[in-house]
Amino acid sequence: MLVDTLGTPAPAAARTDWHALARGARVKRFAGQSALLAFLLIVSVPIILPYFWMVVISFTARSGGVASDVLWTSCAVIVPAVLIYSAVHLLAPSPRVRVIAALILLVAVGAMLAALVGGQLHVANYRFLWRTNIIEEIRSKATAGGQFPSVWVAFRNSLALALTQTLLILIVASLAGYYISRFAFRGREAFLQGLLVLHAFPAMTLIIPIFLILHWVGLLDTIPGVILVLTTIELPFYVFVMKGFFDAVPWDIEMSAMTDGASRRQAFRLVVLPQVRVGLIAIAVFAFIRAWEEYIFVRTMLIENKNWVMSLYLFWVSDDIMGVDYGIVAAVSVFYVLPSLLLYVFCQKYLTQMTIGGIRG
C-alpha cells in the first residue's frame, strides 16, 4: 500500500480498462467505415444506374419501344445486388467469402430476373454481331446501303488502334522516364515542366493544324495517322508518371547489379523494369482505354467507313433522323464498353497500387 509523506495511506491509482478502450475503438472504427461505405453506395447509384439501364434495354427493348416497367423491375433487382456485393467485398476479409457471396447473389439475381422479366428477355438486338446488313434492316436500303461496314471491321480497327498506341506508349514512356530519372542533363527541370505544360495544353485547339499536316504527309484517313497523333498527345503525361515510378526504385539495386557484372542495359531490363511492373501495367491499361474510347480525333481524321472504329460505328448507329432503335444502340454500346471494362476488372489490383509519385506500399 502506498503512503504519503505524513504516513497516511494514499488512494490507489485508478486502473485503466484496456478492454473497454479497445471495444470503444472498434465501435468507432466500425461506425466510421459503415458511414463511409453508406455514403459511397448512395453516391454510386446515380453512376451505375445508367449502365444497368443500358444493359437491360439491350436485352429487353423491341422495335416497338422500351417497356419502362421491365426497366425498373430489372434495375430494382440488379442494383441492390451490386450494392450488396460491394459491401461484402469491402467488409469481408476472406477472398473465399467474396466468391461465395458473388455466386449466391448471381444465382439469386438470375432466378429473380427469370421469374419477373424472363418472358421479355431476348438477344435480337445483338444480331449485328452476325448480320452485317443490320443497318439496312433498321433503315431503307436506299439510304443505308454501302454506308455501314461490319461491326467486326470497326472492332478490328479499334483493337489495332488501342494495342499499337499502348505498345508505343509503353516503349517510349519507359525509356524516357528511366533516362529522366537516372541521368542529369542540362535543361532537365525545364524539360519536366514542359511535359506538364504539354499535357495541360488543350489538344482540341490543334485539330485543324493536325488535320492539315496529316493531309500533306498522306496519313489522313488512315489508322496509323491517328495512332501517331494520339500517341504524341498522350506521351507527356505517361513519361512523367513513369519517371515517378523509376524514382521510387532505389539506385543501390541497380548499382549492385552493375557491380556484379551486368551492363546498364541488362540492369535496366532484368532489375529495374520488374520493380516498376505495376506502373507499366497501369499506364498500359489507361492508354488502352483512352485509345479505345477516343472519338474527337477519329471523327475528324477517319472518313472512309472501312477505317471506322467502334466509337464512330456507335455514333452512326444512333444518328438517324427517321427514328432511333434504342435496343440496337444499347446493344452496340454494351459491346463497345465490354473490352475496356474487362481489362479494368482484371487489372484492378495493379491500378489500386499506383500513385503519381511511384509505387504505393
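Projected label points at residue 167 and residue 207, each 7 Å from Cα along the beta carbon direction, are separated by 3.0 nanometres. Label positions at residue 122 and residue 39, each projected 7 Å from the Cα along the C-beta direction, are separated by 4.7 nm. Excluding ligands, DNA and RNA, the accessible surface per residue across the range 188-304 is 52 Å² with a 1.4 Å probe.
The packing ranking, built from the mean of other Cβ atoms within 10 Å per residue, places the peptides 50-56, 176-182 in the order 176-182, 50-56, highest first. Our coupling estimate for the range 110-115, obtained by passing each phi through the Karplus curve with A = 6.51, B = -1.76, C = 1.60 and θ = phi - 60°, is x, 5, 5, 5, 5, 6 Hz, Gly and Pro reported as x. Sequence-ordered 3J(HN,Hα) estimates for the range 217-225 from the Karplus curve with 6.51, -1.76 and 1.60 and θ = phi - 60° stand at 8, x, 10, 5, 6, 9, 5, x, x Hz, glycine and proline given as x. The loop-placed chymotrypsin sites (Phe, Trp or Tyr not before Pro) in the range 247-297, going by DSSP, that have at most 15 neighbouring Cβ atoms within 10 Å of their Cβ come out as 295.
Projected label points at residue 343 and residue 99, each 7 Å from Cα along the beta carbon direction, are separated by 2.7 nanometres.
Residue-wise HN-Hα couplings along the range 175-185, as the Karplus relation 6.51 cos²θ - 1.76 cosθ + 1.60 with θ = phi - 60° gives them from phi, are 5, 5, x, 5, 5, 5, 6, 9, 10, 9, 9 Hz; Gly and Pro carry x.
Computed extension length for residue 318-residue 264: 14.1 nm, one decimal, from 0.36 nm per residue of separation with the Cα-Cα distance subtracted.
The values are calculated or read from the model by the stated rules, or taken from the named source; none is laboratory data. This one's a predicted model, so the numbers in the text were calculated from it and none came from an experiment. Neighbour counts are summed over all protein chains in view; Cβ atoms, including those assigned to glycine, are modelled from backbone coordinates with ideal geometry. Quick note on the areas: whole protein, heavy atoms, side chains included, nothing else; ligands and nucleic acids left out. Shrake-Rupley method; radii C 1.70, N 1.55, O 1.52, S 1.80 Å.
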